[in-house]
1. Would any residue of the stretch 82-113 have its amide N under 12 Å from a label point 7 Å out along Cα→Cβ of residue 466? List them or say none.
2. Can you compute the modelled spin-label distance between residue 289 and residue 89, with each label point 7 Å from Cα toward Cβ, in nm?
3. Per DSSP H run of n ≥ 4, the term is -39500 (n - 2.57); total these for the chain, divide by its residue number, and report the mean residue ellipticity at 222 nm rounded to 500 deg cm²/dmol.
4. Leaving out same-chain residues fewer than 8 places away, which lysines sit with a Cα under 28 Å from that of residue 298?
5. When DSSP assigns beta bridges and you keep just the ones with both residues in the chain, what percent turn out antiparallel, to the nearest 5?
6. For residue 178 and residue 481, calculate 0.36 nm times their separation in residues minus their Cα-Cα distance, and state this gained length in nm to one decimal.
7. Packing-wise, with mean Cβ within 10 Å as the measure, how do 226-236, 314-324, 109-119 rank, highest first?
8. Contour minus end-to-end for residue 70 and residue 492, with contour as 0.36 nm per residue of separation and end-to-end as the Cα-Cα distance?
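What follows draws every value from the coordinates through simple rules; no lab data is involved. What you see is a predicted model, and the numbers here were worked out from it, not measured in a lab. Backbone-built Cβ (ideal geometry, glycine too); neighbour counts: all protein chains shown.
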Amino acid sequence: MDFSIRAQHILAGSGAHRHWVKDGYVHVRDQTIVGISHTRPLTQTIMDLGEVVMLPGLIDLDALVDIDHLLLDSWHDPENSLLLSGSVDHWTSRPSNVLTPEERTTLRTFGLVQLALHGITSYMPIASEVHLEWDESTDELRELARVSKQLGLRGWLGPSYRSSVVAAAADSNGRISRSLVDDENRGEAGLRRALEFADEITAAADPLIHPVLLPCRIETMSDELLRATAAEAEKRHLLVRLHSLQQGWERELIQERSDLTPLQLIEQVGLLNERLLIPHALWTDRHPRLGGLETPAKESADLRRLAAARASVIHCPLTSFRYGEVLHTLSDYNAAGVTMAMGTDSFPPDLIRGIDVGVHAAKARFGYGSADVSQYINAATSGGAAALNRRDLGTIEPGATADFTAFSLSDFLDGVHDDPLRTLVLAGTGRNAVFSMVAGQTVMRDGVIPGIDLDMLRAEAQAVFEKLREGYAVRDPLGRSTDEIFPPTFPLERLC
């Protein structure tokens, strides 16, 4: 099928040749872009998007396909945040899943629909394991793949696995400390399930669903499980995403365990290579608390190591900012040659808000010139494509795959216009998304996703969220009620 898409602003080209095409047409044959023109369509079938910014499909490599925990836990100080992990007694007593399989499907569907409504076309999911018995099942990932294909999104999927759980322990004086509950057998079983799922997805050869290994955070993985992950990823040519270099206490735990920094451990176990994706990577030797800003980015040993290995970093600016962290900085990582992608990691899955926060947090912390909108857009498109080794994604040019996202600038509330991207980032959000396409097929148009009743899904998701919220009381080391754990911003008056 041949068709043309018209848009007022089209971000065309790639790399140093990226440029605006105003009032132009993108021509598609089947799933591939065959041309871009300024004057007239090359086909009789025209899809006119109007006053929009048309971008390559946005790539979210740390996507919350879940109902967000940040709504609950980002308001807590470090000690209370630790309590939300659950008690040692809870995790050693073989807990059950909080949700039924059907409720997990609602949770996953809600998350995927949110991605589509915010203009995400390709994603790699995360999900909070705190509500699970231990880790994700292959059946759940099969169901996620089914829903993802139904919606038409492009996903890199795999069940999570871990050999430890971070838990809260109380001493005889009531002091709370961080502890690990270990179960190496469960970790090994989880990896076996992940490999079986990867082999299953590879054999199916679905163009929209791809296998990836998704171990949990580095501190929940034994050295042996990390080494096994590296070996199997090399054997099967699989990408590996490992949450790491994320927090100061993570660094302390790893150093106590192995006398290595997290990055040194990643290298020692064989994971530091072109297949590795690291969400966050905040705690490199560039971090101010490690004295990193005294050294130019190109002289950073950690950034040089990442760049030389061709590993990728997934920057999640909105989530990092909400937990009080700022990357040091996207421009510095780019200057050092590190492949930079982007993720949302929390609700809303809004890369436009993320770009706004990322640019202005860096400006506030490090001064003007420390961040640039164009570098963030590159990370959300071509950077994500590079991390996935999919050079056909993340760009609008002949030969690329027809994955697009368009954001409207036609609302009065969007104000007056200057540069299309600067206007979108300053005046809009991901909710300005009005169109997305994956492999030449429309996923979302004007807030409508075929087959999805948003009102019904929202009501079902709220019921699931209430159940997840109650689950924190079941795990609480201090035996508090849900209302005690999550008090309202102001006291609730109960009227007679």
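1. Under cut-off, by backbone N: nothing.
2. Result for the modelled spin labels: 3.1 nm.
3. Numbers: 18 runs with 180 residues, N = 496.
So the calculated ellipticity at 222 nm is -10500 deg cm²/dmol.
4. Straight-line reach from residue 298, under 28 Å: 363.
5. Working: 38 of 67 bridges.
If I count the DSSP bridges inside the chain, around 55 percent turn out antiparallel.
6. Details: separation 303, 0.36 × 303 = 109.08 nm, distance 2.13 nm.
Stretched out fully, the residue 178 to residue 481 stretch lengthens by 107.0 nm.
7. Numbers: 226-236: 17.5, 314-324: 22.2, 109-119: 24.4.
Result, highest mean first: 109-119, 314-324, 226-236.
8. Working: separation 422, 0.36 × 422 = 151.92 nm, distance 2.20 nm.
Length difference between fully extended and current span is 149.7 nm.
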